[in-house]
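Please treat every number below as a calculation from the coordinates, not as lab data. Being a predicted model, the structure only gives us computed values, none of them experimental. Cβ: placed from backbone, ideal geometry, glycine included. Neighbour counts: every protein chain shown.
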Amino acid sequence: MIEHVRALVPGFVEWLGPLLFVVGLTMIVALVPVASVRSAARRVDPTDHWTVQARFAHAARVAVVWAVATVPAGIWLLSTITIGPVGWLPAWLLGVAGAAFVVLVVARTSWWLEGTVLRQPVPGWSRFLGGFLVRLVPLAAVILLGLAAPDRLSSPWMILWVLVALIVGLALRFQLDLLVAFGFAARADARLSSRVGRVAARVHLDEPAVYLIEHHQPNAFAFPWRGAVAITTRAVEELSEDELESVALHELGHMAEPASSSTVRQVLQFVWIPLVALKPILGSLGSTGLVTMAVVLVGLLMVVRRFASSMEAKSDEHAITNLEESSVYGRALEKIYRIGFLPAVARRTTHGPLHERMEATGLAADFDPPAPPPVRTLIAATAAAVLVGLVVFLAPYVATAGADLSSPTPAYVALSLGSYGSWPLERLGQLADVEGDYEAAEVFYAAAAESSTEPDPLVDLVYVRSVLGRCSEAEAALTGLVEREAWRDDVAIAAEWVEWCHREWDGGL
């Protein structure tokens, strides 16, 4: 049916929506990750203290994470708003291409930031991109889950969707296995494994499996449900054996958490489900559901942050109390933050300020507590990107506001930008009807009926098919009208047209 519509409208209708999508997406990407990162990068002065450099480095990294996490939602919104049903490419295809474009731009920007600006020992571009993509797999799974959600909470598919969401949530626990599968992590050598094993034995814990993760930042992670500890290659390169031991003790502190804490961790890993259920919540509860979901989500995130902060503090305490010289842990922390350009003080982090963590080990920080990383640039870039999105969203409304409805141009614009549902198709059908072109009117009305669940297009479709003598097709449209619970008067009028059709074209019923 869309092919028939495409043959009846001007050429610009096919490419105007996709063009606006490409322009809007390009501007948003340029504003959020690229502008924010380059602005922060200009402030990273090699002559300043590392804490100052780390403030701006963190601001740039947040912009990258923000882009990865939020721009896909912008792609979905832009594609549903600006790509009409007669676009020269399907909305889903442009959406996938847009997502690939975002990933490449953000990955390249991050690679440039880490390697050129921060002088981190990043791998080559292809290797960096591979690691970037592997780490995006969990986010991609969550986004796809949200797109695949039913339209309404009452849908019979909702139960299956919730089960799949729970399976995805459980699968997210296997991120270490994902890195191993793609060659970005491997079991540590015997020397490192035995060293961590001896530390575990000293604090009366089972020997964990020790993994080495390929990454340019020094860090370490605990996977209590796997009984595993992972350390990055940069940490092994930069930290002394005593410092590595102290970091391992911190991670082993997570392994020693009580069963109740492990249970809470497992429950809290599903806090994102209300967010990806946005589509059915909006479809069933409207704005009320949206506000309720936002309140619940904010509350859950606050609980997660408080719980995580408590667990990190206890792991710090675990490392400090089990070291003969607790200041070793303080030196290791300072080195990790300094080498990795991590902010000594950060907003909304689950780890406390670096100077407080160092003081807890008995080691005084050699720097004054710096200010948290700035967010002005990110806020400005995001605000500008939102403004671009609003312009794209409002474009069809502005273009057709106050327009002469006796002209098909407003309907062409609305159809090409895909933001009016079946209205432009109905209007084009009405205009063709007035001009006596019933064949064209039938095409537009049928397409409008396909793109909408409202009964109105079917009333006109019954009429025009009756005029054309397609009585059986008019009867089918009448049946659809009844199924859509149209007004009784509309059904009666449509039935009269079907009767007229049979009398006029078939010689009576």
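Summary table below
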{"quantity": "Inter-centroid distance (Cα atoms) of segment 283-340 relative to segment 190-213, Å", "calculated": "24"}
{"quantity": "Mean Cβ count within 10 Å, highest first, over the residues of peptides 348-358, 252-262", "calculated": "348-358, 252-262"}
{"quantity": "Relative exposure of Leu166, Leu478, judged by other C-beta atoms within 10 Å (fewest first)", "calculated": "Leu166, Leu478"}
{"quantity": "Footprinting exposure proxy for Tyr329, Tyr438, Tyr412 (fewest neighbouring C-beta atoms within 10 Å first)", "calculated": "Tyr438, Tyr412, Tyr329"}
{"quantity": "Descending principal axes extents, segment 421-509, alpha-carbon based, whole Å", "calculated": "37, 30, 18"}
{"quantity": "[x] 1.11; [y] 0.95; [z] 1.02, with the label sought being that of the calculated Rg/Rh (Cα atoms, Kirkwood Rh)", "calculated": "[x]"}
{"quantity": "Per-residue Cβ neighbour rank within 10 angstrom, fewest leading, Ser406, Ser326, Ser315", "calculated": "Ser406, Ser326, Ser315"}
{"quantity": "Positive-pole candidate from Phe223, Ala54, Ala171, dipole of the chain, charges at beta carbon", "calculated": "Ala54"}
{"quantity": "Mean-position separation - Cα centroids, segment 73-138 and segment 446-477, in angstrom", "calculated": "43"}
{"quantity": "Charge sum, other residues only, whose C-beta stays under 13 Å from His215's C-beta, Lys/Arg counted +1 and Asp/Glu -1", "calculated": "-1"}
{"quantity": "Along each principal axis, Cα extent of segment 274-388, largest first, Å", "calculated": "60, 32, 18"}
{"quantity": "Segment 421-509, relative contact order in percent, only Cα pairs under 8 angstrom and at least six apart counted", "calculated": "23"}
